[in-house]
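The structure under discussion appears below in the form of structure tokens.
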Amino acid sequence: MSTTLDLISALKAELKAAGITYAELAPQLGMAESSVKRIFAKGDMPLSRIDEICRVLKIDFADLARRVADAQPLRRELTLEQEKAVIADRRLLLVAICCLSQWTFEQIISTYTLSEADTVKYLAQLDRIGIIELKPMNRYRLKVAKGFRWRPHGPVMSYFRQDVVDDYYSGGFDGEGEMLTLVHGSIGKSLANLFNERLQRVAQDFAQQHLADQKLPASQRAPYTLVIGMRSWLFAAFRDLKRSQNA
């Protein structure tokens, strides 16, 4: 929800954009200029006053609130409770993943055996959870950042480790456009973060290409899943063969 302070900050920006000074605003509110300056400086005014200023600016309060919402920082991670809500229903998780991939409502119902009513219901749930802002005509705005990730040890990643990883790696990775590479080595600790950044850029490039290719006919696209990981780790089968550092 937008706070009063957020709304007042947005009003200041709208007044500046419209070229309206406090001196010009004051008589339209039936107030002294000093009083207008004071209420803006305090960052506290009743909604009725905000409404009056909106009328001067010729904008709806709903538009102002929407602009405030659009300016809010996007989530990079959900809370534990939010993830629990998503994972509680397999179909809700499916729609969440579709939304994170920025599928349209039409793409979801044409690809999966979900009814229109059920898909609307799940979109509304994702709106309440905070992943999307549901808009008219079943459109939505993502409320998560480009670098969004599921909690490393949260419910969603636990589900993927338990129910998805084996299924993913059971493939041969020998189809068109597929690959599986395992590289092990020791590198300077200071370089690990640099490699992480490069790998994250690959993931972002993949995500951007996915969005760009949505304009292609379905016959020219194929679903791919990119899994990127980097971990300080030694094969479990080899750990007992490693010499003790104190030896």
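Observations
- Within region 96-139, the set of residues being out of contact with any helix residue (DSSP H, G or I) (no Cβ under 6 Å at 6 or more places or on another chain), modelled with pLDDT of 90 or more and of a type in the set (Ser, Thr, Tyr) comprises Thr104, Ser110, Thr111, Tyr112, Thr113, Ser115.
- Residue, nearest to the chain's Cα centre (by Cα), within region 22-32, restricted to residues that are farther than 19 Å from Leu47 by Cβ and open to solvent by 70 Å² or more (accessible area, probe 1.4 Å): Glu24
- Per-region count, region 175-197, residues open to solvent by 100 Å² or more (accessible area, probe 1.4 Å) and closer than 14 Å to Val227 by Cα: 3
- Checking Lys242 against (1) among the basic types (Lys, Arg); (2) closer than 30 Å to Ile97 by Cα; (3) loosely packed, with under 11 Cβ neighbours inside 10 Å; (4) over 23 Å from the mean Cα position of the chain (by Cα), the condition it does not meet: (2)
- For region 121-148, the set of residues classified as exposed (fewer than 15 other Cβ atoms within 10 Å of the Cβ) and hydrophobic (A, V, I, L, M, F, W, C) consists of Ala124, Met137, Ala145, listed by residue number.
- For region 57-86, filtered to residues that are free of Cβ contacts under 8 Å to residues at least 24 places away in the same chain and within 23 Å of Glu24 (Cα to Cα), the residue that is least open to solvent (accessible area, probe 1.4 Å) is Asp63.
- Residue count for region 137-190 satisfying the condition of being outside any loop (DSSP other than H, G, I, E, B) and over 18 Å from Leu78 (Cβ atoms): 12.
- Every residue from region 42-56 that is in a helix (DSSP H, G or I), among the hydrophobic types (A, V, I, L, M, F, W, C), closer than 13 Å to Ile8 by Cβ and open to solvent by less than 90 Å² (accessible area, probe 1.4 Å): Ile50, Ile53, Cys54
- Screening the candidates Gln162, Gln220, Gln204, Gln214 for the property of being open to solvent by 70 Å² or more (accessible area, probe 1.4 Å) and modelled with pLDDT under 90 yields one hit, Gln204.
The values are calculated or read from the model by the stated rules, or taken from the named source; none is laboratory data. Note that the structure is predicted; figures quoted are calculated from it, not measured. Glycine also receives a Cβ, built like all others from the backbone with ideal geometry; neighbour counts cover every protein chain displayed. These area figures cover heavy atoms from the full protein model, side chains too; ligands, DNA and RNA do not enter into them. Shrake-Rupley method; radii C 1.70, N 1.55, O 1.52, S 1.80 Å.
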